[in-house]
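The values are calculated or read from the model by the stated rules, or taken from the named source; none is laboratory data. Since the structure is predicted, the reported quantities are computational estimates derived from the model, not experimental observations. As a convention, Cβ positions derive from the backbone with ideal geometry for all residues, glycine included, and neighbour counts pool all protein chains shown.
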Amino acid sequence: MTQSQAALTILESARGAVPLAVFKEAGVYPETLRRLVEAGRVERPASGHYALAGRIDILDIDWVAFSLQVPEGVIGLLTAAVHHEMTQELPSYLQAFIPRSRQGRLTLGGDSGAMVDVVTSRNPLHLTEGVVVVEKSGVPVKVTSKERTLVDMFLYSPFNSGRTDRSARIPEETFLDSLSRCVDDPDFSFDAFNVLAEAFGCDDQVRPFTKTSRYVAPRPSGP
């Protein structure tokens, strides 16, 4: 079996992308992979990762590249809100939470090349609490849940007293629109939202907004 055949066999049996280390263990040199990419038989969704051509959906490429390049990272804010159909506003960049050790703007490698608006924090909960895993073209990707996404949208909006207009990533009207959509979403849990809001220390600030949206005062009876 040639190196090209070995590489294609590995890729055909994989659901998503395969790291370079797997090919090296099988005796496949990077030059062989480069030739397969040039021939259009293999694609490189992220730096150091390869997949069979057409295996990664073009609509998934940015999420896949991010997950492969920053496995500890979590897709969030507007990008997560669009995924959960909480808003129709499209962010200019992919937005995600990443470890503080990887500060600075992130550019994804491979076939994506997308820019990522990264959020770092001293609070480790940003990478663990209210995080779910979805599969994109066979690759697991971490993303904030609906409830966590709404908490984050408040935290990074001007409504948060600890946020300045310059540091806000979410416009006020976008948060309010997303809140309204969540109220009408039977799959959204305000109990889970309240637990997360308390964990992130914004339950007192956000409570007036959720009360106003969820409860409408009864109209007076009579003429």
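Points worth noting:
- Filtered by the rule that a residue be under 20 Å from the mean Cα position of the chain (by Cα), crowded, with 16+ Cβ neighbours inside 10 Å and assigned to a loop (DSSP other than H, G, I, E, B), the range 176-202 gives PHE188, PHE200.
- Test result for ARG15, in contact (Cβ under 8 Å) with a residue 60 or more places away in the chain, surrounded by fewer than 14 Cβ atoms within 10 Å (Cβ to Cβ) and either under 24 Å from LEU106 (Cβ atoms) or not assigned by TED's automatic domain parsing to the domain that holds VAL143 (or both): yes
- LEU52 vs. criteria under 24 Å from the mean Cα position of the chain (by Cα), in contact (Cβ under 8 Å) with a residue 24 or more places away in the chain and surrounded by fewer than 21 Cβ atoms within 10 Å (Cβ to Cβ): yes
- Flag if ALA168 is of a type in the set (A, V, I, L, M, F, W, C) and in contact (Cβ under 8 Å) with a residue 60 or more places away in the chain: no
- Of all residues in the range 18-31, those being assigned to a helix (DSSP H, G or I), surrounded by fewer than 20 Cβ atoms within 10 Å (Cβ to Cβ) and of a type outside the set (A, V, I, L, M) number 4.
- When the test is whether a residue is over 21 Å from the mean Cα position of the chain (by Cα), charged (D, E, K, R) and either buried (at least 20 other Cβ atoms within 10 Å of the Cβ) or over 17 Å from ASP117 (Cα atoms) (or both), ARG34 passes it.
- Number of residues in the range 55-93 that are surrounded by 14 or more Cβ atoms within 10 Å (Cβ to Cβ) and either more than 14 Å from ILE170 (Cα to Cα) or modelled with pLDDT of 95 or more (or both): the value is 27.
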